[in-house]
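The values are calculated or read from the model by the stated rules, or taken from the named source; none is laboratory data. All values derive from a computational prediction rather than experimental measurement. So basically every Cβ, Gly included, is an ideal-geometry build from the backbone, and we count neighbours across all protein chains shown.
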Amino acid sequence: MATRTLEDALNIIELLRKKYSLGVSELSKELKLNKNKVFRILTTLELKGIVELNPETGKYKLGMNLIKLEDAYIKSQDFIKVARPVLRSLRKEINETIYMAIQHKKDVIYIYEEPARKGVVVNSRLAQRFKAHKTAAGKVLRKAKKEIGFPMEKTILPEEEIIEIASIVRDEFYNPIAAISVIAPIHRVNQGKEKIIEEKLISSAEEITELLAPAFSLD
């Protein structure tokens with residue numbers, strides 16, 4: 001019974017992640033669960049700060065404590081510690097915002113950021129989820145599962161006036177574990193700078209991959 005209740009709670013959290021805001025009746029219908037059971041689970045999750053109730057609409061959304069849990073998970077990833085000096089060096093070389101992202105199901109989550117030291121910067125993606133197929137980071141992670149080496153992907157979002165260029169980091173078994181990307185305003189990335197970014201991204205990806213191999217082998 002406890003296992004089933006936990007599974008139901010996780011399904012509620014996952015559904016709220018997708019739909020953002022739902023009431024008891026909507027959750028009950030979507031998950032085919034009794035309304036009273038849904039309400040009891042929501043009450044427990046609300047006490048723990050995992051969900052929040054909007055008293056005006058009577059609907060629930062994910063709470064701040066879930067964000068803290070996700071942030072704690074991100075910080076627990078050892079490969080970020082290994083990659084950090086390389087990413088900082090890359091940011092200093094090109095002076096644009098650098099990210100590391102991981103894939104989770106059909107999304108990518110940006111788990112580390114080295115912001116550009118310029119007056120015009122893009123909105124931060126740190127700890128945010130995006131559909132993988134809409135980002136260079138997501139596209140290159142999928143591509144890297146089928147290709148060898150360090151492939152590149154580029155995504156231009158004219159409506160946001162930004163460009164993202166990404167490559168991947170591999171573990172000791174040569175599996176892609178994260179993407180590293182540069183995100184910058186389009187007007188700052190001409191053809192010449194784009195080529196420089198691609199070269200330095202691949203160089204940084206190779207360096208992090210080499211550093212990670214002994215780190216993983218010690219586990």
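Might you check whether a residue that is closer than 17 Å to Glu198 by Cβ, buried (at least 21 other Cβ atoms within 10 Å of the Cβ), modelled with pLDDT of 90 or more and in the same structural domain as Leu212 (by TED's automatic domain parsing) occurs anywhere in the stretch 108-125?
Residues of the stretch 108-125 that are closer than 17 Å to Glu198 by Cβ, as a first pass: none.
Looking for residues that are closer than 17 Å to Glu198 by Cβ, buried (at least 21 other Cβ atoms within 10 Å of the Cβ), modelled with pLDDT of 90 or more and in the same structural domain as Leu212 (by TED's automatic domain parsing), one finds none in the stretch 108-125, hence no.
Is it fair to say Lys59 is farther than 28 Å from Glu172 by Cα, charged (D, E, K, R), in contact with a helix residue (DSSP H, G or I) (Cβ under 7 Å, 6 or more places away or on another chain) and not assigned by TED's automatic domain parsing to the domain that holds Gly138? Reasoning before the result, please.
Numbers: farther than 28 Å from Glu172 by Cα: yes; charged (D, E, K, R): yes; in contact with a helix residue (DSSP H, G or I) (Cβ under 7 Å, 6 or more places away or on another chain): no; not assigned by TED's automatic domain parsing to the domain that holds Gly138: yes.
So Lys59 fails the test.
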For the stretch 139-149, indicate whether the set of residues that are modelled with pLDDT of 90 or more and in contact with a helix residue (DSSP H, G or I) (Cβ under 6 Å, 6 or more places away or on another chain) is non-empty.
no
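Identify, from the list Ile94, Ile102, Ile98, the residue that is under 17 Å from Ile208 (Cβ atoms) and surrounded by fewer than 21 Cβ atoms within 10 Å (Cβ to Cβ).
On the way: Ile102 fails: surrounded by fewer than 21 Cβ atoms within 10 Å (Cβ to Cβ); Ile98 fails: surrounded by fewer than 21 Cβ atoms within 10 Å (Cβ to Cβ).
Within the list Ile94, Ile102, Ile98, the selection yields Ile94.
Quick one: which of Tyr73, Tyr99 is at pLDDT 90 or above, among the aromatic types (Phe, Trp, Tyr) and either in a helix (DSSP H, G or I) or at negative phi (or both)? Show your work before the answer.
On the way: Tyr73 fails: at pLDDT 90 or above.
So the residue among Tyr73, Tyr99 that is at pLDDT 90 or above, among the aromatic types (Phe, Trp, Tyr) and either in a helix (DSSP H, G or I) or at negative phi (or both) is Tyr99.
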So for the stretch 164-171 (the condition being more than 23 Å from Leu211 (Cα to Cα), buried (at least 17 other Cβ atoms within 10 Å of the Cβ) and at pLDDT 95 or above), does at least one residue qualify?
yes
Within the stretch 128-154, which residues are surrounded by fewer than 20 Cβ atoms within 10 Å (Cβ to Cβ) and assigned to a strand (DSSP E or B)?
Arg129, Phe130, Lys131, Lys154
